Amino acid sequence: MTLATTIRTAFLAGAALAAMASSAMAAELTVMWTVNSDKEEQVLRGLLAEYTAQHPDTTFKLQIVPYDGYDQKLAQGAASGTAPDLAKTTSMRPVVRPFLTDLAPEFGKDYLDQFVKAWATGAQLGDQIIAAPLDVTATGIFLNADAFKKAGVAIPDPAKGWTWDEFLAAIKTVSEKAGVRYPLVWDVSASRWITYLYHNGQHIFTGAPPYKVVLDKARGAEILDDFVKITETHMPPGLWKGSSAENPKQLFLHGQAVAWMSGSWQISSLVSDAGFDWQAGPTPHGEVASSVVGGDYIVAFNTGEHVDEALEVLRWFSTPEVQAKYAAPLMMIPASLKTGPVDYGDAKASAALAALQKELADSPLYAGTDQGNPAMQYVWDPIKQAVIQRVAGQITSAQAMDLIAKAAEDSLKAEQ
C-alpha cells in the first residue's frame, strides 16, 4: 500500500467516523401541538425552523392534533412510552405528571419568576417545575368607544377603573343616549359567571395541593342572584335561557351592544371586523379586580431519548424574544413578563392587549390556579348548566351552588 493510499484510507475512515459521530449527535424531536388557526401552525413551523437554523443538529417532526381528545392522546402516549418529546398543553393532568421532565434542576428554582404568576403557579408540582409557560389569555370587557363618545359618557382611566354598579349604570345610559340595542353582551359560558365570581372574592379550589373546594356556597348564591339580575336588565332577553338566537360577538361587532365581555383571543376579530372605535377595558371590579387567567404551556416528556435537547428547546422558547415572536403575529399575550411592549402591527390591538396584560398582572392568584387545576375540566359543564337552570327559574341559586360544589368535590376524586 502506497503512502498516498494509506493517507486516503485514513482520511476516508476519519470522515466516516465524523459522519457517524455527527449522526449520533443529531436529534429529531417529536413535537405535538393543537392549533387554533392555520396561522398558528405557520408561526410554530417558522420558529422550529429558526431553531434548527441556529442548532443544525436538532430537527423536528411536528404532529398537529385536533383539540378533541388531545389530553387523552398525551396520556396514552405517556403510558405506552410513545409520548412526544415536547407538547403544548393547557394543564398537566395527574396521569401524565410522572412522565414529565422536572425543569428545576436545569433551569433553577426561580425559573418561573419571569412569567405571569397566576399562570406560572400551575407549572409547579411541589418542588418540581413540570412545564414552561408559553402564552396567557385574559378575560375582560371590550367597549364601543364611539357609542360612549356619542352619549357624552366618559370612560374612566384604567388606573381608577369602575365598580360593577358604576359600569352597569354607565352602559345603560350609553345604550339609551346613543341608540344602541343592548348595554351588555357575553356568551353563555361558565367562564363568564366565574369571572363575576372572582370579582366578588370567591373561587372554586385552593391554589395548591392538596386541593380542596373553598367555594362559600351562601356567598356564591348571593353573587349568582346579582349575576342573574344583570342578564335580565342589561342583556338580550332570553340569551341565558336558551331562547334567543342572538350571537353576542356579532352583536358587538355590528355596533348593537355597548360592552362585550370576552377574551384576548378576540382581538384579531375586533381589528378586522369592528367598524367603530373600540377599546379593551377597564374591566369593572367588585371586591377585587380580576381577569380569568388561561393559556398554554410546553412540556417535555422524560420517556424519550432526547430529553437534554428538549430542555434546550424549552429554554429557547422561554426567552422574551421568542415568546414575543410567537405571540405577536397571533395577537396573543406572552407568558413572559420580560418581553416589554409587544408590537402587534396595529396600534389599537397593541393598546388593547397591553391593557388586558396589565389586568392579568393585577389579578389574584386564584384567577389562574383555578384554571390550571386539571380537576376544573370536570366542573365547567356543571357550572354552565347550573347557571342556565337558575336563570331559567328552574332551580334556586342555593341549589345551583350545591350542584357546582358537588361537581367540584367529585372532580377532585376523579383526578386522584
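Taking segment 40-99 only, how many residues are part of a helix (DSSP H, G or I) and not polar (S, T, N, Q)?
To start, the set of residues in segment 40-99 that are part of a helix (DSSP H, G or I) comprises 40-54, 70-80, 97-99.
Pick out the ones that are also not polar (S, T, N, Q) and you get 40-41, 43-51, 53, 70-71, 73-75, 77-79, 97-99.
Within segment 40-99, residues that are part of a helix (DSSP H, G or I) and not polar (S, T, N, Q) number 23.
Considering segment 178-219 alone, what residues qualify as being assigned to a helix (DSSP H, G or I) and farther than 23 Å from Asp362 by Cβ? Full working, then the answer.
At the first step, the residues of segment 178-219 found to be assigned to a helix (DSSP H, G or I) are 178, 190-199, 217-219.
Answer for segment 178-219, where residues must be assigned to a helix (DSSP H, G or I) and farther than 23 Å from Asp362 by Cβ: Ala178, Lys217, Ala218.
When both residues are 6+ apart or on different chains and their Cβ atoms are under 6 Å apart, which pairs have a first residue that lies in segment 233-251 and is in a helix (DSSP H, G or I), and a second that is among the hydrophobic types (A, V, I, L, M, F, W, C)?
Trp240/Val188; Trp240/Val391; Lys241/Val391; Lys241/Ala392; Pro248/Val185; Pro248/Trp186; Leu251/Val185; Leu251/Ala257
Of all residues in segment 141-167, count the ones that are part of a strand (DSSP E or B) and either closer than 30 Å to Arg315 by Cα or out of contact with any Pro (no Cβ under 8 Å at 6 or more places or on another chain) (or both). Reasoning before the result, please.
Residues of segment 141-167 part of a strand (DSSP E or B): 141-144, 163.
Now narrow it down to the ones that are either closer than 30 Å to Arg315 by Cα or out of contact with any Pro (no Cβ under 8 Å at 6 or more places or on another chain) (or both): 142-144.
Looking only at that region, the number is 3.
Condition check: open to solvent by less than 10 Å² (accessible area, probe 1.4 Å) and of a type in the set (A, V, I, L, M). Does Ala145 satisfy that?
Judged against the criteria, Ala145 is not a match.
Taking segment 273-295, which residues are at pLDDT below 95 and assigned to a strand (DSSP E or B)?
The answer is Gly294, Gly295.
Of all residues in segment 83-98, which are more than 21 Å from the chain's Cα centre (by Cα) and either among the hydroxyl-bearing types (Ser, Thr, Tyr) or surrounded by 19 or more Cβ atoms within 10 Å (Cβ to Cβ) (or both)?
Ala83, Pro84, Asp85
Tell me, please, whether a residue that is basic (Lys, Arg), modelled with pLDDT of 95 or more and within 18 Å of the chain's Cα centre (by Cα) can be found in segment 325-336. Give the steps one after another, and end with the answer.
Just the residues of segment 325-336 that are basic (Lys, Arg), to begin with: 325.
Okay, now just the ones that are also modelled with pLDDT of 95 or more, so 325.
Then keep just the ones that are within 18 Å of the chain's Cα centre (by Cα); that gives 325.
Checked segment 325-336: at least one residue is basic (Lys, Arg), modelled with pLDDT of 95 or more and within 18 Å of the chain's Cα centre (by Cα).
Out of the residues in segment 204-225 that are in contact (Cβ under 8 Å) with a residue 24 or more places away in the chain and of a type in the set (D, E, K, R), which is least open to solvent (accessible area, probe 1.4 Å)?
Per the stated criteria, the residue is Asp225.
Hey, any hits in segment 229-241 for a residue that's surrounded by fewer than 17 Cβ atoms within 10 Å (Cβ to Cβ) and among the small types (Gly, Ala, Ser)?
Looking for residues that are surrounded by fewer than 17 Cβ atoms within 10 Å (Cβ to Cβ) and among the small types (Gly, Ala, Ser), one finds at least one in segment 229-241, hence yes.
Given segment 314-416, what helices (runs of 4 or more DSSP H) lie entirely inside it while holding 2 or more residues that are hydrophobic (A, V, I, L, M, F, W, C) and more than 23 Å from Trp260 (Cβ to Cβ)?
320-327, 397-414
The values are calculated or read from the model by the stated rules, or taken from the named source; none is laboratory data. Here the structure is a predicted model, which is why all the values come from computation and not from measurement. Quick reminder, even Gly has a Cβ in these numbers, built from the backbone with ideal geometry, and neighbours come from all protein chains shown. Each accessible area value is taken on the protein alone, full model and side chains, heavy atoms only, with ligands, DNA and RNA left out. Shrake-Rupley method; radii C 1.70, N 1.55, O 1.52, S 1.80 Å.
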